[in-house]
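A short reminder: the numbers here are calculations on the coordinates, not readings from a lab. If you're wondering where the values come from, they're calculated on a predicted model, not measured in any experiment. Note that we place each Cβ from the backbone using ideal geometry, even for glycine, and neighbour counts take in every protein chain shown.
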Amino acid sequence: MSVYNSPRRAEAAAGTQQAILAAARRLFAEKGYAATTIGDIAKAARVATATIYTSVGGKQRLLEELARTSAADSTLGGFVESLRHARDPREVLRLAVAATRYSAERNADLFSIIRVNAAFDETVAAIAAESERWFRSSARKVAARLRDLGVLRGSLAEGEDTVTFFLGHDSWHRVVTDFGWSYGKAEKWFTARLAEALLSG
């Protein structure tokens, strides 16, 4: 009987975890990371406080898991796979910009939570640092693909820095939130600037 029920139990547990993460994300954005308590999240997710600790963990673990799941998005994975096989340098750049636009739009609230709190909370700063390492690794893959196609201007390290500078979360936040650009305008501008900066010839 336990074997028969295990898939259903696993599905229920996954649903509970998703409800907890969704509640935490909403409250972190609305109330602030520091001001939100585990009790607040439990109430919003309609679970017992103990369930949050057994299902995911404390506030740090909740934010870590939110960051992890955003990075593991299957749509982003599709962009990366397409980029890996692209043979047109401008298509490589188009895919890189489209992928970061998708992430910037979908995760603007999460990036804001991390950015605002990293300066005041060591645990959030560690999450921000890990997010930066992951992004730079992705940026290096873009530069490496251009190098492999024989069109990268400058070194691989310079290419990684350039992609990170133009397409990092702070850059999207700056042009969209501070400058008031649409995501479409920003996407076209970033693509053009990257082509100028990265493509030789």
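Worth pointing out:
- Here the Karplus relation 6.51 cos²θ - 1.76 cosθ + 1.60, evaluated at θ = phi - 60°, turns the backbone of the range 133-141 into coupling constants of 4, 5, 5, 5, 5, 5, 4, 5, 5 Hz, with x for every Gly and Pro.
- Counting neighbouring Cβ atoms within 10 Å and putting the fewest first, the residues Glu64, Glu130 line up as Glu130, Glu64.
- The C-alpha atoms of the chain occupy a region whose extents along the principal axes are 63, 43, 28 Å, arranged from largest to smallest.
- The range 2-58: proportion of alpha-carbon pairs further apart than 20 angstrom, %: 27
- From the Kirkwood radius over Cα pairs of the range 82-168, Stokes-Einstein at 4 °C and 1.567 mPa s returns a whole-number translational diffusion coefficient of 94 µm²/s.
- Distance in nm between pseudo-label sites at Ala157 and Arg68 (7 Å out along the Cβ direction from Cα): 3.2
- Most fluctuating residue given options Glu105, Glu11, Glu65, as computed from a GNM of the chain linking Cα atoms under 10 Å: Glu11
- Sequence-distant lysines (8 or more away, or on other chains) whose Cα lies within less than 28 Å of Lys31: Lys43, Lys59
- Here each label is just a point 7 Å from Cα along the line to Cβ, and for Ala13 and Ala34 those points are 3.6 nm apart.
- Put in line by how crowded their Cβ is, counting other Cβ atoms within 10 Å and starting with the fewest, His173, His85 read His85, His173.
- Under 29 Å of direct C-alpha separation, and excluding same-chain neighbours fewer than eight residues apart, Lys188 reaches these lysines: Lys141.
- Inverse mean reciprocal Cα-Cα distance (Kirkwood Rh) of the range 151-190, Å: 11.0
- Taking only Cα atoms of the range 76-117, radius of gyration then Dmax in Å: 12.7, 40
- Fewest neighbouring Cβ atoms within 10 Å first, the residues Phe111, Phe28, Phe135, Phe165 line up as Phe165, Phe135, Phe111, Phe28.
- Estimated FRET transfer efficiency when R0 is 22 angstrom, pair Thr123-Ala50 (beta carbons, to 0.05): 0.55
- When Rg and the Kirkwood Rh are both derived from Cα coordinates, the Rg/Rh ratio for the range 120-201 amounts to 1.04.
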